[in-house]
1. List, in order, the whole-Hz ³J(HN,Hα) value for each residue of the range 230-245 obtained from phi through the Karplus relation with A = 6.51, B = -1.76, C = 1.60 and θ = phi - 60°; use x for Gly and Pro.
2. Positive end of the dipole of the chain, charges at C-beta (+1 Lys, Arg; -1 Asp, Glu), about the Cα centre: which of Ala307, Ser137, Met17 has its Cα farthest in that direction?
3. Of the residues Ala280, Ala307, Ala289, which exhibits the maximal mean-square fluctuation in a Gaussian network model of the chain defined by a 10 Å Cα contact cut-off?
4. Pairing the Cα long axis of helix 294-306 with the longest principal axis of the chain, what angle in degrees results, from 0 to 90 and rounded to the nearest 10?
5. Of the trypsin sites (Lys or Arg not before Pro) in the range 301-383, which ones lie in a loop per DSSP and count no more than 16 other C-beta atoms within 10 Å?
6. Rg and Dmax of the range 95-202, using alpha carbons, in Å: what are they?
7. What is the dipole size for the range 244-338, taken about its Cα centre, with +1 at each Lys and Arg Cβ and -1 at each Asp and Glu Cβ, in debye to the nearest 20?
8. Name the residue farthest towards the positive end of the dipole of the chain from the options Gly390, Ile367, Ser185, assuming +1 on Cβ of Lys and Arg, -1 on Cβ of Asp and Glu, about the Cα centre.
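The values are calculated or read from the model by the stated rules, or taken from the named source; none is laboratory data. If you're wondering where the values come from, they're calculated on a predicted model, not measured in any experiment. Glycine also receives a Cβ, built like all others from the backbone with ideal geometry; neighbour counts cover every protein chain displayed. Ligands, DNA and RNA are excluded from the accessible area calculation, which covers all protein heavy atoms including side chains. Shrake-Rupley method; radii C 1.70, N 1.55, O 1.52, S 1.80 Å.
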Amino acid sequence: MTVIEQILEGINKGRAMYESVHGSITTAEESSGSETCELCLGDNLEYMKQLLERGYEGAFSLVYIDPPFFTRSSFNASVSVRDAGGISHKVHHLAYDDKFDRSLEYYIENMTVRILLMRDLLANDGLMWIHLDWHSSHYIKLVLDELLGEKNFVNEIIWQYKSGGSGKRHFARKHDTILVYSKSSKYRINVPKEKSYNRDRKPYRFRGVAEYKDEGGWYTLVNMKDVWSIDMVGRTSAERTGYATQKPLELMKRIIEASTTEVDLVGDFFCGSGSLPEAAHILKRRWIACDSEEMAAAMSRRRLRKAGADFRFTRLEEVKSSGGRADIEVLGKDALEDGRSLYKCRLKDFVPDIDTGSIQMKDRGYIDSALKADRLQFADHIMIDPDYNGTFDSKYIFDADTDNINFISSGNFAAIVVDRFGREYPAEIIF
């Protein structure tokens, strides 16, 4: 089968899958667009279906995704662990697999059904931003032209950066491609201004043209071009999470500011380590984000909590059972006037079930040494549902390295401890 035939077959199968999913949607009577921000762990196909059922059709002013690029590669995230001597070691763990061994057709099918659901979620005046690279941007451009219409193509943004490798048999590949599409001709966009230096950096003195001068010379202000030079997240950057494909906040902020105002809702359904949700929080936008990988969800929760974001965490499946154990000890209980109590707890013990098969061979010895030195260091954070009713709803998130886990509850609460690699452990509560 030729490449074109695979693309066409993938689109047709994706459309058929969409019709099946869309036909099973029972829409809510009223929109949930005013709810708090939300992070979901689960398959974005099922999650987007649920959002449509909850009344989010046409609610998103911006949908951004950074999906698999059809690279046929695997990507890691790194965490630090300490051995018995207190020496820190970097451990590389599989973050997500982008191999799509089943063919280009399978990749196009999966992207097609998701693009169609995102189209349903997108507002009539909204914009969809699809972040890709040379592996797949040309394929997905054809898919977007087919599904959203050539007339709704807005921009091809080139994100230029310095980091990355190079080869002797080709020019160094130092850019990603972001395809921007609208749902209608009524889309909103705020194109920022940028400096355009005059020839020889000297003043033109044209009538009616405002000119400015800085240390680089004389310049005018023009609409920003479609080539953006923004540094990648460096190894020593304060915003670095260790996630292999993390995107910089500056890039996310530029996209959000170009597409939305403070009252708008933005979505990211391949959110990785949570760059877009954090940027949305900083810019005071409402946001909804999803990822299918436990490690991505764990990193997103941690950075969003650190940023002070108020959000609801949900998951589409129950916590998978593991061979590990987590014990939360209740240290104190102070009664409050409303009948509830202030509980004071700590993480008493933690025995993680590490999936060493997902850790690089050269790093596995560090894991064994670190486990013997201090098991508790593998606990990343703790989620508390103070009003547990059978479905876990994380309302509190605490760092795991503290003995001061304080929350208010009527007494029926549950806790989940999350390890450094994103795996979750329902905790035993010890009084």
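1. 9, 5, 5, 6, x, 4, 9, 5, 5, 8, 5, 9, x, 7, 4, 9
2. Value computed over the given set: Ser137.
3. Its mean-square fluctuation being the largest, the pick is Ala307.
4. Between the helix axis and the principal axis of the chain, the angle is about 90 degrees.
5. Lys320, Arg340
6. Both quantities, over Cα of the range 95-202: 17.3, 58 Å.
7. 360 debye
8. Working it through, the farthest residue towards the positive pole turns out to be Ser185.
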